[in-house]
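Below: one structure, written as structure tokens.
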Amino acid sequence: MSLWRVRTAVEDRPGGLSGVVNTLAEHGGNIVGLSVHTDVRGVVDELVVDFPRSPDAAVRELSGQCPAGTVTAVAARRREVGDDVTRALLLTARLRSHPNRLPGALAELLLADGARWTNPAPGEVDRGTSMLVPVGPLRGVLVNRESHPFTWTEASRADALVRSVMPSAGPVPADRVVRTAEGLGLGLGQVHESEAAALRALHRRCSPGTLRNRYFAGVSEPGAHMLRVFCDAERGLTVAVRPHGQEEPVALGHLMYTLDPGVGEIAFLVEDAWQGRGVGTALTRALTVVAADWGLAEVRAETTLANTAMLRIMRRFGASVQAREGAYVHARLPVAEAVQGGLGARNRNGGQVARLMGPG
């Protein structure tokens, strides 16, 4: 006896399935599982069948009955027999702790040959044997399966699994207040090109050492190109920080996409007069929650050995820190572990900390 996963289009009418069942029974097939899919071809039934011998004869006969003329049969394993909903729930529970393992979970959910993180590019996806599952802006998981094409139902299941563990992105709120450990209220808002004068003034209030720690070079104030990058939602998110009730920003926080799918880069600039007051810690907390909402698995920070404040903050939130060539330092912070460790805890006002959302 051997298990096979048989997939065939079925006429969407009363009794349409009975012909398939009778054919399988005539060839000694025992149906132990059934799943109904919708697709461009109409209704597609997937049956897990226990055959006493090769299913080839049954597949040939079903092909003559199938309105689309295509019937596939692939070998199945014992552990694949079961309820699809149960499997999806178990995968969701697993991903709650390790969202960076999403590709493997999608491959298991869809019984695919493999899956990997990708930055989607035009023409990358073969819609027959590959399916791109969007995760967030400019990110996704590419799933491959050679045996048979993906259906609309499977695309829906994959999307539901992603949304169950990674909240969908939406517009950034116009304003949001977070608090430092000492209770200082800070207003966070996405920057716009109309704020160019205020952002340049912020840079002018920063010492050369502060600017060097942020930019690694002699940047005195942002030029037009840098400001466009700050305001470009396709690059990521830049927020200005204002003490509650004040107009002038005292800090900038950045969460930018990288070329590595599932990884973001975090950075911030705090003017000298506001350093040591918990602004950088509040920014790191807020931006890491944003990273979790975007579905990022990791945030990284590039800094220097001289930037002891940044290194102290990243270590406090559980980042691993490695020295690189020269005086540069590379910090890596796993998002899931950081959020579970308290980054998403409620602030003193009882509101959820900095639930800023990315572009849709």
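For segment 148-294, the residue among A158, L227, V178 whose Cα projects farthest onto the positive side of the dipole built from Cβ charges is V178.
Among 234-246, 54-66, 318-330, the peptide with the highest mean count of other Cβ atoms within 10 Å heads the list, and the full ranking is 234-246, 54-66, 318-330. The slack in the chain from A181 to R332, taken as 0.36 nm per residue of separation less the alpha-carbon distance, amounts to 52.0 nm.
Find how much the distance from T258 to T92 grows on full extension, using 0.36 nm per residue of separation minus their present alpha carbon separation; answer in nm with one decimal.
Working: separation 166, 0.36 × 166 = 59.76 nm, distance 2.61 nm.
Full-extension gain reported as 57.1 nm.
Take the Cα of E325, step 7 Å toward its Cβ, do the same at A224, and the gap between the two points is 3.4 nm.
Per-residue extension of 0.36 nm, minus the Cα-Cα distance of R78 and I31, leaves a gain of 15.6 nm for this segment. Annotation for segment 215-252 versus segment 279-319: alpha-carbon center distance of 17 Å.
Where a number appears in this text, it was derived from the coordinates with a stated rule and is not lab data. In this text, all values refer to a predicted model and were calculated from it rather than measured experimentally. Cβ coordinates were reconstructed from backbone atoms using ideal geometry, including for glycine residues, and neighbour counts include every protein chain displayed.
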